[in-house]
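Structure record follows, encoded as structure tokens.
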Amino acid sequence: MKKKQLAILGATGSIGTQALEVVRANPDRFVIQVLTAAANAELLIQQALEFRPRAVVIADERKYAEVKKALAGTSTAVLAGNAALEEVVQGDGIDLVLTALVGSAGLRPTVAAIRAGKDIALANKETLVVAGQLVMALVEKHGVNLLPVDSEHSAIFQCLVGEDSNSVEKIYLTASGGPFRGKSREYLATVSHEQALRHPNWVMGAKITIDSATLMNKGLEVIEAKWLFGLDIRQIDVVVHPQSIVHSLVQFADGSIKAQLGLPDMRLPIQYALMYPERVKNSFKRFSFIAYPEFTFEQPDRQTFRNLALAYHAMERGGNVPCILNAANEVVVAEFLKGKVGFLQMSDIIEETMQAVDHLPLPSLDDYMATDSKSREIATALVTKSKNLYHIVK
Ligand code: NAD
Ligand code: MG
């Protein structure tokens, strides 16, 4: 069997390291061609020494010398900077690019990979949130596979195997509800980032963990699902399922519903995307119905967690509005993680940024990049303003 040649963008993160576990367990199936990281030189070096890729990229140029020195004497080329990400994904022989980096930084390398005819295993949902229309048009034009890694989208994708996609009536994305499910706005006004980082069911990177606590993650996933499965936004519903066992559901024209179930373990959707369409035996822990005698479902609280409503609104407006939402969210989440902005203020700042940036109905890639930086600028200014107000009130 020909081995699949992989590039992993964001190899040192939560998804990246779990993908390397899958690769490590299946040495007869994969070859690692490229590994990249933002700034974790130490882990990138260790991974490069184990998997011997053709190239590594460290996005933070200040870490270049350290990586270069450690890999001198190996055949791995060392590159640095964001532009190098776009370059390495195009490498001859690469079959599949796993996009496991965080945020809109994923857009340009993903576009470059699609243009070079590479299949994509998409973890970086922000790429579709920011520029879904443009990305899906490129996927179509270049005839590549876009395979979801996000657990909900992998669930939908698995439910659709063998089905006519025109027969989908609606889909339900499940949400755990995060660590603050059932809490009031009064309670949320004072929660810290340490509390928000304690997710009940999943261990993930910091940004998506905060997004899960604010329900922005589900908002981003609604937009991601719209593009991946070609649905109208009104065909996508969200249901809170605190056990995180039912990973999502599809309802068909005849009313029949299919769901995909499993323990919350990202290695499963990662493996499915990397090995698609094959199902390959693994040693992951199996689900037990007896250990989970009860599944529950409830409505998300859209009044308390305003981000979900903001995401639907952004998608209804279309054009560059989801890009504004995403950029403002990236800013406020980073500031919240530094303790510089309150939990509830995050939605206010996102909403205000969505009102302040010019709307464009059909943006080009450059328009998206410009919208992204303008939105970051405005959201950052709003964070500073809200801090000053906070001091005055205090
Ligand atoms: P993480 O923070 O754990 O890891 C991110 C990786 O990307 C790291 O290797 C980091 O070095 C690199 N990176 C970060 N910013 C970068 C930049 N600007 N340029 C280049 N490289 C950069 O994140 P994660 O939790 O693994 O999430 C990765 C993506 O997968 C996100 O889009 C997230 O929404 C999505 N996702 C994650 C999970 C999960 O369980 N962790 C589940 C579903 C979807
Ligand atoms: Mg998800």
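Readers should treat all values here as calculations from the given coordinates under stated rules, not as data from a laboratory. Fair warning: this is a prediction, and the values are worked out from it, not measured in the lab. For neighbour counting, all protein chains shown are included, and Cβ atoms are generated from backbone atoms with ideal geometry for every residue, glycine included.
Things to note:
- Magnitude of the charge dipole, region 201-325, Cβ model with Lys/Arg +1 and Asp/Glu -1, debye to 20: 320 debye
- Gyration tensor verdict on region 1-125 (Cα atoms; rounded if a/c is under 1.5, prolate if a/b is larger than b/c, oblate otherwise): rounded
- Under 15 Å, Cβ to Cβ, from residue 236 - net charge with Lys/Arg +1 and Asp/Glu -1: -2
- Percentage of interatomic Cα-Cα distances in the chain larger than 31 Å: 37 percent
- Look at where the Cα atoms of region 226-264 and of region 324-368 average out, and the two centres are 27 Å apart.
- Region 35-190 - Rg (one decimal) and Dmax (whole number), Cα, Å: 19.1, 58
- Taking the C-alpha atoms of region 158-279, convex hull volume expressed per residue in Å³: 120 Å³
- Around the Cα centre of region 1-67, unit charges on the Cβ atoms of Lys, Arg, Asp and Glu (plus for the first two, minus for the last two) sum to a dipole of about 400 debye.
- Peptides 339-346, 227-234, 123-130 ranked from most to least packed, by the mean per-residue count of other Cβ atoms within 10 Å: 123-130, 339-346, 227-234.
- Dipole of region 208-289, positive direction: furthest Cα of 269, 284, 256, with charges on the beta-carbon: 284
- Beta bridges from DSSP with both residues in the chain: antiparallel share about 30 percent, rounded to the nearest 5.
- In units of the rule-of-thumb radius 2.2 N^0.38 Å, region 335-384 shows an alpha carbon radius of gyration of 1.25.
- Rg/Rh ratio calculated on Cα atoms of region 245-356 (Kirkwood radius): 1.07
- A Cα-only calculation for region 299-394 places Rg and Dmax at 13.6, 44 Å.
- Multiplying the residue separation of residue 283 and residue 137 by 0.36 nm and subtracting their alpha-carbon distance yields 48.8 nm.
- Applying both filters, DSSP loop and at most 15 other Cβ atoms within 10 Å, to the GluC sites (Glu not before Pro) of region 239-306 gives 278, 294.
- Candidates 49, 240, 362 compared by Cα position along the dipole of the chain: farthest toward the positive end lies 49, with charges placed on Cβ.
- Of all beta bridges that DSSP places with both ends in region 119-270, some 55 percent have antiparallel geometry.
- Take the Cα radius of gyration of region 70-154 and divide it by 2.2 N^0.38 Å, N being the number of residues; the result is 1.13.
- Under-5 Å amide H pairs with residue 77, H placed in peptide plane, nonlocal only: 55, 56
- Highest mean packing comes first when the peptides 44-57, 210-223 are listed by Cβ atoms within 10 Å, giving 210-223, 44-57.
- Per residue of the chain, the DSSP helices (runs of n ≥ 4 H) give a summed -39500 (n - 2.57) that works out to -14500 deg cm²/dmol at 222 nm.
- Cα gyration tensor category, rounded, prolate or oblate, for region 49-111 with a/c compared to 1.5: oblate
- Residue 50 paired with residue 267, simple spin-label distance in nm, labels 7 Å along Cα-to-beta-carbon: 1.2 nm
- Region 146-203, Rg to Rh (Cα coordinates; Rh as Kirkwood inverse mean 1/r): 1.16
- Selected from 371, 300, 311, residue furthest toward positive end of dipole (region 253-394; charges at beta carbon): 300
- For the chain, size of Cβ-based charge dipole, Lys and Arg +1, Asp and Glu -1, in debye: 920 debye
- Which of 323, 159 has the fewest Cβ neighbours within 10 Å, and the rest in rising order: 159, 323
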